[in-house]
Amino acid sequence: MSPVFDENSEKSEEWTQDPPADPGLHTLLQSLKQEPPADYFEQFWTELQPQLTPAVSESWALRLLRQLKSPPALSVAAAVLVIALLIPTGVLKTGQPLLQAEAPTGVQEQTEAQSLDTSRAKTLPGGGRVAARNEGLIAQNQPLLEDANRVERDQDKAVTEEPMVLGAARQDLLAEDAKTKEERPAAPALKKDNQARKIPILQGYNQADYLVKSATLGVEVARLDQAFSSVSKLMTEHGGYIVSSEMSRPEEGTATARISLKVPKQHFLTVIEQIEKTGEVRSKQIRSEDLWLQLQRQKIEIDDLQTQVNENKENKAQQRALKRQLREQELQRQEFEQMLRMASLDLVLTQKAPSRFWSLGDVGEQLRVRLNRALQDTLRMLVNILVFLPPLLIYFGCAWLIWLLLKLVLVTRLELLSPRALSIAYLLGLLFFPLAMGGKDLFRATLLFAALLTAGVGIKTLLGRLRKPEPPAVAPADQEET
Amino acid sequence: MIQPDNNKRTDVNNELIQKLNRAQQGDQQAFKEVVKEFMPQLYSMVHAMIPQHEDVNDILQEVFVKVHRALPQLQNKQAFRSWLYRIALNTARNHLRSRFRRELPTEPETFLLETGESGEKLPEQLERAEIRQRILQAIETLSPEHRDVVTLVELEELNCAEAAEVLECPAGTVRSRLHYARKKLKELLQPYFANKGESP
């Protein structure tokens, strides 16, 4: 009879059939078998019976849960229930920036997104302080606001019923302006409930409309000519234009181009991003300035001038002078409006010094830039992984160890809980604990862990169910004979 | 050639499943019948691992208490046998482990001479006890995994697939372990083969 297995192999998958039985050894080992004594069972049962506690009758809810059969299904249902319960409490609200009260560090950037309005500030951590500051500024600048009110009334403009929106940058401007107007008496501080009535001029005010944007960007490029032409192309694409350009190419040293650009405000950030891609960014500054106050002041001036022109119809010389002033003011107003439409961008392009070690021309330079960028991206990713991996590993490891410990104590040793009940309770605990301790990231990590755990248990259950039925039992001796 | 009687097996399984159903609903008599059916097999298996009768009794009590508690949660009644063996094996292992912790250093070598009513003469009894002791010692030298496989396959006469189900490992692993365990046992018990031939 040829061997049906390789007896020298230790790989379990190569043992496809039971090894042939050894009758001698089998008989020898069978001599160890010991039948219980004749009257043993009755005695055994007498001892056993008091230890058998009656099975706990199951409630209909437990029977219903049992019908689900699958722990993953229960876990998922529990997770969904928890999320459904938590959403109304506001813990899981998304899309609302939580911590933007402080200006970002690093790149100096101030945009409308970073300005907090009063109503939002009140909802933020520490928002009470911001709101109180804003309220103080409003009270301090009340005369100025009343001036603006007057202009609005004169022009009989419709006042909308929208709530006031007042930005932090705007408040700073108001504060500065109030300091300069010393001739005006300081207004008494207003009570909070009176403020809405006193400042209707600010209704419908949208800060983004009055922001003048400008930026300074220093980029090191491989080829200055190419970069310049790509900037020109960008301007054509986005409706901007080059105000001025200056290029210097010294015999020794780096070639530099200084370009002043005007870009439509809505394409401002896109253009910056595009320019950044042409090389390596060396410096970057983005600024915003609120022109609302200047515009309002100018509006008042123009109105006053018009009134004076109308009143001085007899005195032609004075009227001409007034009209000239009026035209100047209007020109300035147009300039302001132009500034509001178009953002300024001062660009400094520097050509990279040629490498000493290789000179493969454009291809080599592009390759070097790309490699450099890829290396930077990889390093950034690596740093992210290194930063986030240890806490995640610790968290998952601890969670897994605690699970094993609880299972050992509560299920195996004390037999207080079934594994299914423990797994549900544990998953719920895993959801609740980080939610109570931390923020959104922990919540996501917990959900991920719960999902992985659930998927693992689910796959195991499915595999268990799909496992083929075992073949009819054949004793090793029988198989040997066949 | 021995063929398994599949019809009989199915009848037995159906009967067992009915008993288990009744036991799950709290029928003590049905549970008693189940205990009666499986107790001798478990006794034999546990006795091979732990020869002391008192210990075997304690272990079996513990096993059936566990079975009674966990029976309402048993879904796949076809796998009852392997489930029961698994509980017994684990309980016996735990017992051995705790006894090992309690009783270091090991006991001196003594022959387990059991006075039965077999009518054997003392020399025969001594010889049988000696052989038994040597076999137990040989089994003791095996690793726990090999020992479990030998107990289930050689003593309880489960096939490799059933043993794999009890031990919760692939059947190929059981076959491999069985092969090497047999090989080692044959080496250790070689004198008995030499003296008594193939059927000692």
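So that you can scan it fast, the table gives a plain yes or no per residue for (1) of a type outside the set (A, V, I, L, M, F, W, C); (2) under 28 Å from the mean Cα position of the chain (by Cα); (3) assigned by TED's automatic domain parsing to the domain that holds A:A445; (4) under 28 Å from A:E276 (Cα atoms):
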residue: A:R373; (1), (2), (3), (4): yes, yes, yes, yes
residue: A:T378; (1), (2), (3), (4): yes, yes, yes, yes
residue: A:L382; (1), (2), (3), (4): no, yes, yes, yes
residue: A:V387; (1), (2), (3), (4): no, yes, yes, yes
residue: A:L401; (1), (2), (3), (4): no, no, yes, no
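What residue, of A:L393, A:L427, A:L414, A:L371, is among the hydrophobic types (A, V, I, L, M, F, W, C) and under 30 Å from A:Q226 (Cα atoms)?
A:L371
I want to confirm something. Restricting to segment B:182-200 and keeping residues that are at pLDDT below 65 and within 7 Å of chain A (Cβ to nearest Cβ), which single residue is surrounded by the most Cβ atoms within 10 Å (Cβ to Cβ)?
Applying the filter and picking the extreme gives B:P200.
Could you tell me which residue of segment B:39-64 is farthest from B:H146 (Cα to Cα), considering only residues that are surrounded by fewer than 17 Cβ atoms within 10 Å (Cβ to Cβ) and within 7 Å of chain A (Cβ to nearest Cβ)?
If we take residues in segment B:39-64 being surrounded by fewer than 17 Cβ atoms within 10 Å (Cβ to Cβ) and within 7 Å of chain A (Cβ to nearest Cβ), then B:Q61 is farthest from B:H146 (Cα to Cα).
Note down all Cβ pairs under 6 Å where the first residue falls in segment A:232-252 and is surrounded by 11 or more Cβ atoms within 10 Å (Cβ to Cβ), the second is assigned to a loop (DSSP other than H, G, I, E, B), and they're at least six residues apart or on different chains.
Filtered contacts from segment A:232-252: A:R249/A:A255.
Look at segment A:28-52 and say how many of its residues are over 16 Å from B:T151 (Cβ atoms) and part of a helix (DSSP H, G or I).
12
Just for segment B:168-178: of the residues that are buried (at least 22 other Cβ atoms within 10 Å of the Cβ) and under 21 Å from B:A92 (Cα atoms), which one is nearest to the other protein chains (Cβ to nearest Cβ)?
Restricting to residues being buried (at least 22 other Cβ atoms within 10 Å of the Cβ) and under 21 Å from B:A92 (Cα atoms), the top hit is B:L178.
Restricting attention to segment B:128-145, does a residue exist that is modelled with pLDDT of 60 or more, assigned to a loop (DSSP other than H, G, I, E, B) and under 18 Å from the mean Cα position of the chain (by Cα)?
Yes, segment B:128-145 contains a residue that is modelled with pLDDT of 60 or more, assigned to a loop (DSSP other than H, G, I, E, B) and under 18 Å from the mean Cα position of the chain (by Cα).
The values are calculated or read from the model by the stated rules, or taken from the named source; none is laboratory data. Everything quoted here is computed from the prediction, not taken from an experiment. Neighbour counts run over all protein chains shown; Cβ positions are idealised from the backbone, glycine included.
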